[in-house]
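The structure appears below as structure tokens.
The values are calculated or read from the model by the stated rules, or taken from the named source; none is laboratory data. As the structure is a computational prediction, the values presented were derived from the model and not from experiment. Glycine also receives a Cβ, built like all others from the backbone with ideal geometry; neighbour counts cover every protein chain displayed. The protein model used for the area step is the full one, side chains on, heavy atoms only, and it has no ligands, DNA or RNA in it. Shrake-Rupley method; radii C 1.70, N 1.55, O 1.52, S 1.80 Å.
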Amino acid sequence: MTHRILILNGPNLNLLGTRQPEVYGPTTLADIEEMCVKRAEALGVTLDFEQSNHEGALIDAIHAARGKYAGIILNAGAFTHTSIALMDAISSAMVPVVELHLSNIHAREDFRHKSYIAPVAIGQICGFGAAGYPLAMDALLTYLGEG
Ligand code: DQA
């Protein structure tokens, strides 16, 4: 069966490329999407790629993923460090989630060390910049037994 996976990006990630390039690199979200589409073709999976700046929209996307996607790769941006509601959505959705960050959140400010996503994710990838996206796809497919 061809897996369908969702890559879900949270607040401010639409600004990648111009947003603090010294932290997040020069790659735009459109570049990352292109990279992920190529990886999806190589892995033989169907990919949807979304971004929202709104917590409720991200929660709705996670709810809607139930029964539709084999897994989600989630870069929740700053909501990672604040959102019990996103954590609860993941716990309720019964869809495996890989937590992803471009930067190494553990090497940054203290408030970024706390992740509400980590306890309900199957694992976390951070610190590899844009390359973390295809790595997260590989990790998810390995988890699903297809990697
Ligand atoms: C981020 C890390 C978060 O702490 C930050 O708020 C972001 C981006 C990352 O991809 O490195 O918006 O999720």
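Laid out as a table, the results:
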item: Computed E for S92/M35 - FRET, C-beta separation, R0 22 angstrom, nearest 0.05; result: 0.15
item: Extended-chain gain in nm, criterion 0.36 nm per residue less alpha-carbon gap, A118 and Q20; result: 32.8 nm
item: Residue-span extension gain [A57 to H81] - 0.36 nm each, minus C-alpha spacing; result: 6.9 nm
item: Cα-only radius of gyration and Dmax that characterise the chain, units Å; result: 14.0, 42
item: Average accessible surface area per residue within the range 65-147, 1.4 Å rolling probe, Å²; result: 43
item: 5 angstrom amide H check on L47, placed H, neighbours 5+ away; result: I5
item: Estimated 222 nm signal from helices in the chain, with DSSP H stretches of n ≥ 4 weighted -39500 (n - 2.57), rounded to 500; result: -10500 deg cm²/dmol
item: Label-to-label distance, nm, for residues given as L144 and E50 (7 Å Cα→Cβ offset); result: 1.6
item: Relative compactness, the range 25-84, computed as alpha-carbon Rg over 2.2 N^0.38 Å; result: 1.24
item: Karplus 3J(HN,Hα) series, Hz, for the range 67-81 with 6.51 cos²θ - 1.76 cosθ + 1.60 (x for Gly, Pro); result: x, 9, 10, 6, x, 10, 10, 10, 9, 7, x, 5, 4, 3, 8
item: Value in Å of the Kirkwood radius, where the range 68-147 supplies the Cα pairs that are averaged; result: 12.7
